[in-house]
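Undergrad: Let me begin by handing over the structure; questions about it come next.
The values are calculated or read from the model by the stated rules, or taken from the named source; none is laboratory data. Since the model is a prediction, treat every value here as computed from it, not as a measurement. In this analysis, Cβ positions are derived from the backbone assuming ideal geometry, glycine residues included, and neighbour counts consider all displayed protein chains. Accessible surface areas use protein heavy atoms only, side chains included; no ligands, DNA or RNA. Shrake-Rupley method; radii C 1.70, N 1.55, O 1.52, S 1.80 Å.
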Amino acid sequence: DGRLIYLQQTPSGGAIPQFEPPVMNWQSIDVGDYSSPQFFDLDSDQVPELVIGEKNGNINLYRSSGPLTGGSFSLVTDSLGKINVTNPMLSYFGFSIPWFFRETGGTTSLLVGSEEGKIWYYPAVPGDPHSRFIESDTLYQWLAPGRSDTLFGWNSAPSAASLTQHQAIDLITGNFSGGMNFVS
């Protein structure tokens with residue numbers, strides 16, 4: 001329904017993480033339907049922002065007034081980077097699922113999953129949340145030269161990190177059917 005549920009991890013010392021009871025309707029944030037949140041320090045000030053994808057295909061940005069556990073979040077824009085991943089030839093909705101990450105060298109980039117299964121790639125996103133982020137068509141050339149397919153299954157959900165090699169970024173995507181893709 002677009003509202004957030006917050007779960008704080010508690011120190012457990014074991015292999016299985018433990019969490020405090022969930023906080024329902026956390027901070028009264030509601031972006032509409034199918035919220036897809038990520039905490040990420042977009043402006044590199046050591047305080048994470050909250051970015052949230054949603055059914056309409058856009059991305060919302062909330063900035064914190066203090067530390068994650070004690071601060072409150074307020075809406076900066078509901079059109080971060082002027083992004084909308086909706087394909088009007090397919091649907092009225094985009095179901096955006098953002099994943100910000102830092103590439104080797106510290107550059108901030110963004111992957112956005114979508115209803116149609118396409119992963120949108122925005123390298124070197126600017127620090128100004130009101131500027132237009134520029135999409136790149138080089139997702140596969142960046143990940144694995146020689147491949148060209150950028151469809152990963154309906155309602156694709158990307159994440160990227162260096163998992164297999166210290167200097168390279170790997171991509172894992174989930175999708176509506178429960179499948180996963182791994183590109184290294």
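Undergrad: Inside segment 119-134, can you point out the residues that are surrounded by fewer than 19 Cβ atoms within 10 Å (Cβ to Cβ) and either in contact with a Lys or Arg (Cβ under 6 Å, 6 or more places away or on another chain) or within 16 Å of Asn181 (Cα to Cα) (or both)?
TA: Correct list: Arg132 only.
Undergrad: Can you name every residue in segment 158-184 that is of a type outside the set (A, V, I, L, M, F, W, C) and over 24 Å from Tyr34 (Cβ atoms)?
TA: Filtering segment 158-184 down to residues of a type outside the set (A, V, I, L, M, F, W, C) leaves 158-159, 162, 164-167, 170, 173-175, 177-179, 181, 184.
Within segment 158-184, Ser162, Thr164, Gln165, His166, Gln167, Asp170, Ser184 meet the criteria.
Undergrad: Still on this structure, I have one more. Enumerate the strands (runs of 3 or more DSSP E) found wholly within segment 12-110, keeping only those where 2 or more residues are open to solvent by less than 80 Å² (accessible area, probe 1.4 Å) and touching a Gly at 6+ places or on another chain (Cβ under 6 Å).
TA: 59-64, 97-102
Undergrad: Specify the residue that is farthest from the chain's Cα centre (by Cα); the eligible residues are those in segment 1-11 that are open to solvent by 90 Å² or more (accessible area, probe 1.4 Å) and touching a residue at least 24 places away in the same chain (Cβ under 8 Å).
TA: Asp1
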